[in-house]
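In what follows, a structure is listed as structure tokens, so that the remarks can point back to it.
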Amino acid sequence: MGRVKSARFVSTSGTPCLSCMLIRLNEICLDPLVRLPLAWARPCEFAVPVIKPHKPHVFVVMPYGTREVAAADGNRPARRVDFDAVYRLLLQPALASAGCEPFRADEEPAAGDIRTDMFFELVTADFVLADISILNPNVFYELGVRQGVAPRGVMLVHGGHSKRPFDIVTDRTFGYDGALFVDPIAEQTLTLIKSAAATLATTIQNVMREDARTESSPVYKELPGLKAPDPRDIKNARARHFDAIFEGIADRLAVALKRGLAGDIVTLAEEAPNALYRARLLTQAGRALLDLQHFQLSLELLSEALDLNPNDADAESCIGIALNRLGRSEEAEVRIQRLTRRLRGHNDGQGALGRVYKDQWRQRWEVLATVEERREAAANYAEIAERAIESYAGALRGDQRSYYNGINALALAKLLELVNRPTRLSQAITAAQQLVSIVAEQRIEDTRVAQDESGRSEYVWALATRGELALLAGDAGGAHEFYNRAATSPGVTPFALDSMLRQLQMYEDLGFQPAATQRVREALELGRKLPSPLQLRKNVLFASGHMIDGEDRSQPRFPRGKEAAVRQQIEATLEKWALGPADLAICGGARGTDLLVAEACLQRDCPVLLLIANDEKEHRNEAVALPNSDWLERYLAVKTHRLTTTRFQSVELGKTRSGASAHERNNRWCMNTAWATARTRANVFVLLVWDEQQTGDGPGGTSHAASLAGEYAGKLSIINPTKI
């Protein structure tokens, strides 16, 4: 069996002898199991496509207002520089163009202590951009705070008004022409400022790309080994506010996991309130996707989490599990070995390494035709199974409560006996069986009525462990009972059920107690018969495009007179892609493109999922209704069709965070759902009805959907109403 993450063992029963029994069993059986994982493999570079990244939060530190600035060299008269214009016309647009969320302290709308809010931003922002154009004491004070608490994440810009102080003269600084912002700013200079903003945006992107590989703080450069404080320890009111936001997202993520909605999980993973929580949320979402067996998606989120926090051992361990399940066991082995070398005694990593070796062993023989052939090959490759046992046993010794590591070691030892290659650790493994039984039984009692997800998951794994112990002992009735309870428990996930079935398949392939394994399979198949929302589709279509133009639109995009021609091309595209009952179409439910595609798909018996950005009333009024038309009736006909499912963003994902676009979020939600529901990304099709203009009426339009499509679509078709 395989677990994603171990829960801590906390007894609530008050059993006085349990600790003594654990200590005694440790003395009897665990010392001989100490083996270090093999470390002969060299680390390799690892890269996968990652989820569209969060917008880095950039706190801008700079002078405010208009300042009298003397010449640096004394050869020109003083001049008045409008630093608010520097922010408004240069820094803010450049940061936004570079994909960042710029923020200046005077933009905080809430009442509060200015110093507290400033310090919070200096410590927690992804980046601090400091304009050191003049010798402003506040700017240098705030810059010093940031460089003292964070080893990286600083960008310096300079308008050429003064010489830089000695202490930072060697720091990399990016210049701009401060003369462009002399008050009053001439109209003819605005074009030059716009060009400067574009150049600065490219520079900022390059800096962010390289930042993780460097230490931009001179404090941490000059004092190797200095440890930065952990900003998660902050407990002020602002931190509590973000805690509440994070917990709300985490709760919705847990609901999405229960419902099997991987697209919701990916979308929610993008919405951490700030850098403090981003890696945590990505790791939590990555684990949830592991539970849903979306291994590629999980790998991408966990990899991004590790980029943000290279010390996240849990994320690295889960990456190993995802790689292994994707059939990339060699990469998984190297990654987890690196983790266990770096963190001696990381039990989840040790267990994950054992799982990799176990799968490598079974891959050597599971494809052979007969039981006899499989047993012979299993015996020939017994050394790989020994490695797995050693890794599992090392994890068990490190944490005597990790019964799931113990049961895996026991299972492999039993199978090696079956193929006449008993493990070198047979005697100690047999003694450890008592430990595994005691701890698993205790966990069943402790988590029987657990309300939290961790407790429910623990209950399932403990039941499965007791079932496997019964199977190893030849107790078919006991094995059936425990596995039945595990497979039908509210806490069982697709990953857990699949892990149990994979383990059972290993017993079956080697002919271990066929009658007992058959009864266990019957129990586990009950879990597969339970209703599950997770249903992969052959192909998934994401449709987006312009609404039918209203009468007040001056520049036509989708005139009413083009509806029939556009419908004809939509139908031709669906015919070419052969969409039907095995597929799914996703759209936003607006008049025009969305409803035309939905109607055409329903005519082909292709199910439709409406993911709607606004609530029902607002959606009908703003995105459906049109005077002298039947769009409202057509919307209701699509919505109530037997093959249509409708979900509203505010209900499913919560309110859009302040300053964000519900329509951009909806495009991401649609796309995330599409490639979480398709069997492969090559099976994600995108159909756009679009005038092919790069900007629209506002954020979240078809141009934004097109940018996502260009990155993720397996097939893309564009219908331009203005060219028909």
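Given the structure, is ILE429 closer than 26 Å to LEU339 by Cα, β-branched (Val, Ile, Thr), over 31 Å from the mean Cα position of the chain (by Cα) and surrounded by fewer than 22 Cβ atoms within 10 Å (Cβ to Cβ)?
Considered against the rule, which asks whether it is closer than 26 Å to LEU339 by Cα, β-branched (Val, Ile, Thr), over 31 Å from the mean Cα position of the chain (by Cα) and surrounded by fewer than 22 Cβ atoms within 10 Å (Cβ to Cβ), ILE429 comes out as no.
Hey, can you tell me all the residues within the range 608-633 that are in contact (Cβ under 8 Å) with a residue 40 or more places away in the chain and not polar (S, T, N, Q)?
Residues satisfying the conditions are LEU609, LEU611, ILE612, ALA613, ALA623, LEU626, PRO627, TRP631.
Are there helices (runs of 4 or more DSSP H) fully within the range 320-394 with at least 2 residues that are surrounded by 24 or more Cβ atoms within 10 Å (Cβ to Cβ)? List them.
In the range 320-394, the matching helices (runs of 4 or more DSSP H) lie at 329-342, 347-363.
From (1) over 32 Å from the mean Cα position of the chain (by Cα); (2) of a type outside the set (Val, Ile, Thr); (3) open to solvent by 30 Å² or more (accessible area, probe 1.4 Å); (4) at pLDDT 95 or above, pick out the condition that doesn't hold for ARG557.
(4)
For a quick check of your reading: which strands (runs of 3 or more DSSP E) sit entirely within the range 642-724 and have at least 2 residues that are in contact (Cβ under 8 Å) with a residue 12 or more places away in the chain, open to solvent by 70 Å² or more (accessible area, probe 1.4 Å) and within 25 Å of GLY580 (Cβ to Cβ)?
Those strands (runs of 3 or more DSSP E) span 715-719.
Out of GLU453, GLU468, GLU481, which single residue is within 20 Å of LEU412 (Cβ to Cβ) and either open to solvent by 40 Å² or more (accessible area, probe 1.4 Å) or acidic (Asp, Glu) (or both)?
GLU468
Could you please tell me which pairs satisfy a Cβ distance under 8 Å, a separation of 6+ or placement on different chains, a first residue in the range 485-514 that is closer than 29 Å to ALA369 by Cβ, and a second residue that is among the β-branched types (Val, Ile, Thr)?
LEU504/THR517; LEU504/VAL520; TYR507/THR517; GLU508/THR517; ASP509/VAL371; LEU510/VAL371; LEU510/VAL419; GLY511/VAL371
So which residues in the range 183-204 are among the aliphatic types (A, V, I, L, M) and open to solvent by 40 Å² or more (accessible area, probe 1.4 Å), if there are any at all?
ILE185, LEU190, LEU192, ALA198
Scan ALA543, ALA578 and give me the residue that is modelled with pLDDT of 95 or more, surrounded by fewer than 18 Cβ atoms within 10 Å (Cβ to Cβ) and either farther than 30 Å from TYR357 by Cβ or charged (D, E, K, R) (or both).
Checking each option against the conditions leaves just ALA578.
Looking at (1) within 24 Å of ARG287 (Cβ to Cβ); (2) open to solvent by less than 10 Å² (accessible area, probe 1.4 Å), can you tell me which one ALA413 breaks?
(1)
One line per residue, one yes/no per condition, for (1) in contact with a Leu (Cβ under 6 Å, 6 or more places away or on another chain); (2) modelled with pLDDT of 90 or more; (3) not in a helix (DSSP H, G or I):
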residue: PHE120; (1), (2), (3): no, no, no
residue: TYR141; (1), (2), (3): no, yes, no
residue: GLY160; (1), (2), (3): no, no, yes
residue: LYS163; (1), (2), (3): no, no, yes
residue: THR170; (1), (2), (3): no, no, yes
residue: ILE193; (1), (2), (3): yes, yes, no
residue: ALA198; (1), (2), (3): no, yes, no
residue: GLU210; (1), (2), (3): no, no, no
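So THR423 fits all but one of (1) over 30 Å from the mean Cα position of the chain (by Cα); (2) part of a helix (DSSP H, G or I); (3) surrounded by 20 or more Cβ atoms within 10 Å (Cβ to Cβ); what number is the exception?
(2)
Is it fair to say VAL566 is under 14 Å from THR644 (Cα atoms) and in a helix (DSSP H, G or I)?
Criteria not met by VAL566.
Out of the range 253-312, which residues are outside any helix (DSSP H, G or I), over 9 Å from the mean Cα position of the chain (by Cα) and of a type in the set (Asp, Glu)?
Once the filter is applied, which keeps residues that are outside any helix (DSSP H, G or I), over 9 Å from the mean Cα position of the chain (by Cα) and of a type in the set (Asp, Glu), the range 253-312 yields GLU271, ASP312.
Quick one: MET547 ticks every box in (1) within 24 Å of VAL255 (Cα to Cα); (2) assigned to a loop (DSSP other than H, G, I, E, B); (3) aliphatic (A, V, I, L, M) bar one, so which box is it?
(1)
Going by the conditions given, is VAL608 at pLDDT 95 or above and more than 17 Å from VAL540 (Cβ to Cβ)?
No.
The values are calculated or read from the model by the stated rules, or taken from the named source; none is laboratory data. This is a predicted model, so every value here is computed, not measured. Here the Cβ is made from the backbone with ideal geometry for all residues, glycine too, and neighbour counts use every protein chain on show. Note: areas computed on protein heavy atoms with side chains; ligands, DNA, RNA excluded. Shrake-Rupley method; radii C 1.70, N 1.55, O 1.52, S 1.80 Å.
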